[in-house]
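The values are calculated or read from the model by the stated rules, or taken from the named source; none is laboratory data. All values reported here derive from a predicted model rather than from experimental measurement. Because the Cβ atoms are built from the backbone with ideal geometry, glycine has one as well, and the counts that use them run over all protein chains shown. Ligands, DNA and RNA are stripped out before the accessible areas are found, and what is left, the full protein with its side chains, is counted by its heavy atoms. Shrake-Rupley method; radii C 1.70, N 1.55, O 1.52, S 1.80 Å.
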Amino acid sequence: MKFYVLCLSALLCLMLSCKKSEHKEESTTTKTKIVDLTHTFSEETVYWVTAKEFKLDVVAKGDTDKGFFYAANNFETAEHGGTHIDAPIHFSKGKQSVEEIPLEKLVGSAIKIDVRANANNNPDYLVSVEDFTTWEKEHGQIPEGAIVLLDTGHAKHYPDKLKYLGTDQRGPEAIKLLHFPGLSPEAATWLVENRSINSIGIDTPSIDYGQSEYFKSHVILLSENIPAFENITNLDQLPPKGFEVIALPMKIKDGSGAPLRIIAKVKEGV
């Protein structure tokens, strides 16, 4: 009897040792890389041509007479500029403002639609239904509740306003000079009618392309309480699927938009 007890104890020890070894091996081979998808806010930040640009006023920066260092600033800026969120109310009466957007819309599994090859030499490129169906042929149907990111490659021009916006002029007259890729209204309609996504983002100044006059893609998406992230970056560092996004805006009451800090969590070594 004593022999069997000793054998059983040895077997249990061996099993526990194997489990620890498996867990250790998994933890050493699977790592999470955090990718910052946010442009820094500064005097270089790109804003809509009619919006107030970012301004930082230094209140204090230096040693005090009490012997400690102290720094503080004031800043002012428009809601819509740099890496930011468009709340549904931005283009749809009665829909969610910034603080009303559920966090589930801003945090979760994400996919990337890579259209860089198509948009490379076409600043007026419109992401199409075909771009989505082509992605699905290779990766499967866009998951329910996904955060969809559109990689046009346009972020490479930031913060050069002439290349990024199509003009370095400002004011209402500059609107007609805007040129950058966006999402076609047909593709926005297809997403709303055929898929169930939580939010969408793009590496250009607007979810509608630069020459848009009626901002139809905004209206289509935001009317369904689907918020949009604009002026995001580093999408070339993301895989087509299998990563998570955390997109947290400044929580502005009644805000139509807000500065956004957005990151992606990508598993590596699997």
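Six or more apart or on different chains, Cβ under 6 Å: which pairs go from a residue in the range 180-197 that's farther than 14 Å from Gln141 by Cα and touching a residue at least 60 places away in the same chain (Cβ under 8 Å) to one that's not in a helix (DSSP H, G or I) and not acidic (Asp, Glu)? Could you list them?
Sorted first by the residue in the range 180-197, then by its partner, the pairs are Pro181/Tyr125; Pro181/Thr152; Pro181/Thr204; Pro181/Tyr209; Ala187/Val127; Ala187/Ser128.
Just to check your reading of the model, which residue among Glu193, Glu186 is open to solvent by 10 Å² or more (accessible area, probe 1.4 Å), under 17 Å from Ile113 (Cα atoms) and not in a loop (DSSP other than H, G, I, E, B)?
Residue meeting the stated conditions: Glu186.
Which number in (1) open to solvent by less than 50 Å² (accessible area, probe 1.4 Å); (2) in contact with a strand residue (DSSP E or B) (Cβ under 7 Å, 6 or more places away or on another chain); (3) more than 24 Å from Thr40 (Cβ to Cβ) marks the one condition that Lys241 misses?
That leaves (1) as the condition not met.
I'd like the residue in the range 31-70 that is assigned to a strand (DSSP E or B) and open to solvent by less than 60 Å² (accessible area, probe 1.4 Å) and, out of all such residues, is farthest from Asp208 (Cα to Cα).
Gly62
Being more than 17 Å from Leu165 (Cα to Cα), modelled with pLDDT under 95, surrounded by fewer than 18 Cβ atoms within 10 Å (Cβ to Cβ) and among the acidic types (Asp, Glu) narrows it down to one residue among Glu25, Glu76, Glu100; which is it?
Glu25
Please indicate, with yes or no, whether at least one residue in the range 217-227 is surrounded by 17 or more Cβ atoms within 10 Å (Cβ to Cβ), part of a loop (DSSP other than H, G, I, E, B) and either of a type outside the set (A, V, I, L, M, F, W, C) or at pLDDT below 95 (or both).
yes
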